[in-house]
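*Asks:* My questions will all concern the structure given below.
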Amino acid sequence: MLSLPSRQVHLDFHTSEHIPGVGAKFDRKQFQQALKAGRLNSITVFAKCHHGWSYYPTSIGHRHPTLKRNLLAEQIAAAHAVGVRAPIYYTVGWSANDARKFPECIRYEKNGKPEGNFDLKAKPADKRPIVSWVGLLPMGRYLKLMLDQTREICEQFDVDGFFYDICFGSVGYGKMVLAEMRRTGLNPGKDNDVKIFQRRVWQNFMDQCRKVILERHPQATIFFNGGADQYHPEWHYGQTHFELEDLPTTWGGYDKFPLRAKYFAHSGKQYVAQSGKFHTMWGEFGGFKHPDAIRFEAGAMIAYGARCGFGDQLHPSGAMDMATYRNIGEGYRYVEQIEEYGLDGRQCANLGLWFCGQNEHNQGVANMLMERQLDFDIVQPAGDFSKFKTIILPGGACLKTDEAERLTAYVHGGGAVVALYESLLDLSKKRFVLPVGAKFIGAARYEDDYLVAGKKLVAGLVASPVLCYTAALRAQPGKCEVLAAIKEPYFNRTYAKYCSHQNTPNRLDSAGHPAAWKHGRFVCLAHPLGEMYYKHGARLHRDYFINALRLVYAKPAIETSLPSSGRINLLHQPHRRRYVAHLLYSPPLQRGRCLVIEDFTPLYNVPLKLRVPEPVKNVRLAPQDFKLKFRRSADGYTVTVPKLQGHQIVVFEY
């Protein structure tokens, strides 16, 4: 298996036909100087962009009308001459020229409008919104063009890899789609049939592209962007690796990437993190992150076992912006020192998070755990549960019968399960699928409700009823210990009945169904706490959840005390006989529509405890190579980290 480069740049080049002299200022030496300043070992360069223009002489596509050179060939040759890989970018789902040329391949909504942020009624002089393209499908004449052009590229160039962009969009409801669905016996009126057809279309595209590429370049990497989605594994098989496009400044924040990294760490394939050099996001000319922020983000990528990638956008002239590559170089100078402590490390937490297939539940629970520095790993439903002391079911109905049986056996064998909301239910949502000492009555009667924590869950909370923005499912307690009660509102807020500005106050009497209960090693929480935390971020909900978790989970593999913005991740590198703890701390600040990393307030004398079966012989800081004194006890290995500023690595060698 090819070992992916660890210091990459994705060089966007979506360039209008109205700009003169495209590529005229490209200079081989200046391009190489930028690669060296950035300390890169891979740069993705463009064959074809979203405008639909190609950047080399093509007999299949359309060369950019103001380009007078073979820019792609020159970039690849310049990169290869200094030992840098140069995978090739090719757009799929967005191509302005091809949308005009192949209107039958446009993705249409049910109402007949093209999908995407595009106004058909706009006047030529009207301001165009950002990210405004018409979506296309890899079918018919457009599919043939893309396959022919892929073959042409493979014949003309020394191909390191392909990056196909904007893949796996919906199939839409255009005439060609409707006709082809009916021809193959599928009903466009049935959502499941539409999904089946979507899968066929995109998998066919993946398969045919791979066949064309591998005939001439069997060692090429191939990635279809949009395929690194943990909720759509049907796109995973065609990837040689994964690129996790998470621009934290504007796309989901800094806690989106860790969850995805932990998931793809189990894929058996290498994965690359992808942030941007921009202040905001793709398509921003003249936007910069400070090099400190790039260094921090790069360190976080290594902390979660990922290769590093940053996005840039080449000026239409073809000249590289040296300030950008000096900034990236500052981050990658640090990566060169620390990458051996992260790449291909194994996640090894003893707390498991089961993916329920619904992002708001999964991400919300993950956020609560990360904010309390409770390291976790992703549970593989068919894998070995014995590594986990406790498994969390985060909120969505997800368990098949055999999975529920395995979880029950796991609990009977000494494990524990904390189940939230509908994760207790079978897929039909009609009954509890786990033996939790209670009977499912039904869904909530109101839109919201209030929880009252009992004495085992009330630590750090208020004794008053706490508003829950989504009401709990209803259960009848049996042989179980009730841990928290529910007070329902007097009524839902409507035009006929309402009280004050927002929600209706609680009734004085408790409802007959509990908010939380415990049955043996099962702890059940009837509210969608993960989803609520994802949407509303109430600390009371987080602390209530953590109190419940602590009833059955006491000894994490790695333990520390950091502020809520601190993060910790533990990796195991058995081939090097060591565990590596990564500590991160730099609170993102909301500035306008962006999150900004700026303040690197140092923390001193941070306690750290490791619980692993191997006998630790040495503890040191990396990359400083400074030895730490440690204390061995029956409860693990304890050290004090003298200083944490941004990112610190602690290596436990055995």
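*Asks:* Condition first: buried (at least 23 other Cβ atoms within 10 Å of the Cβ) and within 30 Å of Arg550 (Cα to Cα). Can you find one or more residues in the stretch 330-344 that meet it?
*Replies:* Scanning the stretch 330-344 turns up at least one residue that is buried (at least 23 other Cβ atoms within 10 Å of the Cβ) and within 30 Å of Arg550 (Cα to Cα).
*Asks:* I'd like to verify a number: residues in the stretch 589-623 that are touching a residue at least 60 places away in the same chain (Cβ under 8 Å), aliphatic (A, V, I, L, M) and part of a strand (DSSP E or B), how many?
*Replies:* The total comes to 3.
*Asks:* Residues that are buried (at least 19 other Cβ atoms within 10 Å of the Cβ), assigned by TED's automatic domain parsing to the domain that holds His647 and hydroxyl-bearing (Ser, Thr, Tyr): does the stretch 592-607 have at least one?
*Replies:* No; the residues of the stretch 592-607 include none that is buried (at least 19 other Cβ atoms within 10 Å of the Cβ), assigned by TED's automatic domain parsing to the domain that holds His647 and hydroxyl-bearing (Ser, Thr, Tyr).
*Asks:* Now for a different question. Could you say which residue among Met206, Met181 is closer than 23 Å to Glu245 by Cα, assigned to a helix (DSSP H, G or I) and not charged (D, E, K, R)? Write out each step before concluding.
*Replies:* Working: Met181 fails: closer than 23 Å to Glu245 by Cα.
It is Met206.
*Asks:* Follow-up. Do you know which residues across the stretch 370-426 are acidic (Asp, Glu), touching a residue at least 60 places away in the same chain (Cβ under 8 Å) and part of a helix (DSSP H, G or I)?
*Replies:* Of everything in the stretch 370-426, those that are acidic (Asp, Glu), touching a residue at least 60 places away in the same chain (Cβ under 8 Å) and part of a helix (DSSP H, G or I) turn out to be Glu371, Glu422.
Rundown of residues vs (1) surrounded by fewer than 24 Cβ atoms within 10 Å (Cβ to Cβ); (2) within 21 Å of Asn225 (Cβ to Cβ); (3) in contact (Cβ under 8 Å) with a residue 60 or more places away in the chain, yes/no style:
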residue	(1), (2), (3)
Leu259	no, yes, yes
His266	yes, yes, yes
Ser275	no, yes, no
Thr280	yes, yes, yes
Gly283	yes, yes, yes
His290	yes, no, yes
Ile294	no, no, no
Ala303	no, no, yes
Cys308	no, yes, yes
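*Asks:* Of the numbered conditions (1) in contact with a strand residue (DSSP E or B) (Cβ under 8 Å, 6 or more places away or on another chain); (2) buried (at least 23 other Cβ atoms within 10 Å of the Cβ), Gly364 fails exactly one; give the number of that condition.
*Replies:* Here Gly364 clears every test but (1).
*Asks:* Which members of the stretch 508-524 meet the condition of being more than 15 Å from Gly454 (Cα to Cα) and crowded, with 16+ Cβ neighbours inside 10 Å?
*Replies:* Within the stretch 508-524, His519, Gly520, Arg521, Phe522 qualify.
*Asks:* Just name the residue that is surrounded by the fewest Cβ atoms within 10 Å (Cβ to Cβ) out of those in the stretch 624-653 that are part of a strand (DSSP E or B) and of a type in the set (Gly, Ala, Ser). Outline the logic, then answer.
*Replies:* First, pick out the residues of the stretch 624-653 that are part of a strand (DSSP E or B): 626-627, 630-633, 636-644, 646-653.
Keeping just the survivors that are of a type in the set (Gly, Ala, Ser) gives 633, 636, 646.
On the way: Ser633: 8, Gly636: 19, Gly646: 20.
My answer is Ser633.
*Asks:* Also: Here are some residues: His527, His536, His501, His572. Which one is touching a strand residue (DSSP E or B) at 6+ places or on another chain (Cβ under 9 Å) and surrounded by fewer than 20 Cβ atoms within 10 Å (Cβ to Cβ)?
*Replies:* Details: His527 fails: surrounded by fewer than 20 Cβ atoms within 10 Å (Cβ to Cβ); His536 fails: touching a strand residue (DSSP E or B) at 6+ places or on another chain (Cβ under 9 Å); His501 fails: touching a strand residue (DSSP E or B) at 6+ places or on another chain (Cβ under 9 Å).
Within the list His527, His536, His501, His572, the selection yields His572.
*Asks:* Something else now. Do we have any residue at all in the stretch 16-32 that's assigned by TED's automatic domain parsing to the domain that holds Ser275, within 34 Å of the chain's Cα centre (by Cα) and among the β-branched types (Val, Ile, Thr)?
*Replies:* No; the residues of the stretch 16-32 include none that is assigned by TED's automatic domain parsing to the domain that holds Ser275, within 34 Å of the chain's Cα centre (by Cα) and among the β-branched types (Val, Ile, Thr).
*Asks:* While we're here: For Phe223, which of the numbered conditions (1) outside any helix (DSSP H, G or I); (2) within 14 Å of Arg107 (Cα to Cα) fails to hold?
*Replies:* Going through the list (1) outside any helix (DSSP H, G or I); (2) within 14 Å of Arg107 (Cα to Cα), Phe223 breaks only (2).
*Asks:* Can you tell me which of Leu71, Leu4 is surrounded by 22 or more Cβ atoms within 10 Å (Cβ to Cβ) and more than 15 Å from Ala319 (Cα to Cα)? Break it down stepwise before answering.
*Replies:* Values: Leu71 fails: more than 15 Å from Ala319 (Cα to Cα).
None of the others qualify; the one that does is Leu4.
*Asks:* Among the candidates Ala349, Ala298, single out the residue that is closer than 21 Å to Asp375 by Cβ and in a helix (DSSP H, G or I). Can you show your working first?
*Replies:* Details: Ala349 fails: in a helix (DSSP H, G or I).
None of the other options fit; the residue is Ala298.
*Asks:* While we're looking at this one, here's another question. Name every residue in the stretch 226-238 that is touching an Asp or Glu at 6+ places or on another chain (Cβ under 7 Å) and part of a helix (DSSP H, G or I), in order of residue number.
*Replies:* Trp235
*Asks:* Identify all residues within the stretch 119-142 that are surrounded by fewer than 19 Cβ atoms within 10 Å (Cβ to Cβ) and within 27 Å of the chain's Cα centre (by Cα); write none if there are none. Working first, answer last.
*Replies:* The initial filter retains those residues of the stretch 119-142 that are surrounded by fewer than 19 Cβ atoms within 10 Å (Cβ to Cβ), namely 119-132, 140-141.
Residues satisfying the conditions are Pro129, Ile130, Val131, Ser132.
*Asks:* Okay, moving on. Of everything in the stretch 454-472, what is surrounded by 19 or more Cβ atoms within 10 Å (Cβ to Cβ), more than 31 Å from the chain's Cα centre (by Cα) and under 24 Å from Leu353 (Cα atoms)? Give them in sequence order.
*Replies:* Leu457
*Asks:* Working only within the stretch 556-574, note down all residues that are farther than 17 Å from Ile338 by Cβ and not in a loop (DSSP other than H, G, I, E, B). Please lay out each step first, then the result.
*Replies:* Just the residues of the stretch 556-574 that are farther than 17 Å from Ile338 by Cβ, to begin with: 556-566, 574.
Matches in the stretch 556-574: Ile558, Glu559, Thr560, Pro574.
*Asks:* State which residue pairs qualify: first residue in contact (Cβ under 8 Å) with a residue 40 or more places away in the chain and inside the stretch 33-45, second residue part of a helix (DSSP H, G or I) and among the aliphatic types (A, V, I, L, M) in any location, beta carbons under 7 Å apart, and separation of 6 or more residues or different chains.
*Replies:* Here the result reads Ala34/Met322; Leu35/Ala79; Ala37/Met322; Gly38/Ile328; Ile43/Leu35; Ile43/Ala79; Val45/Leu72; Val45/Ile76, each pair linking the stretch 33-45 to a residue that is part of a helix (DSSP H, G or I) and among the aliphatic types (A, V, I, L, M).
The values are calculated or read from the model by the stated rules, or taken from the named source; none is laboratory data. Computed from a prediction, not measured in an experiment: that's the story for all the values here. Reconstructed Cβ throughout: ideal geometry from the backbone, glycine too, with neighbour counts over all protein chains shown.
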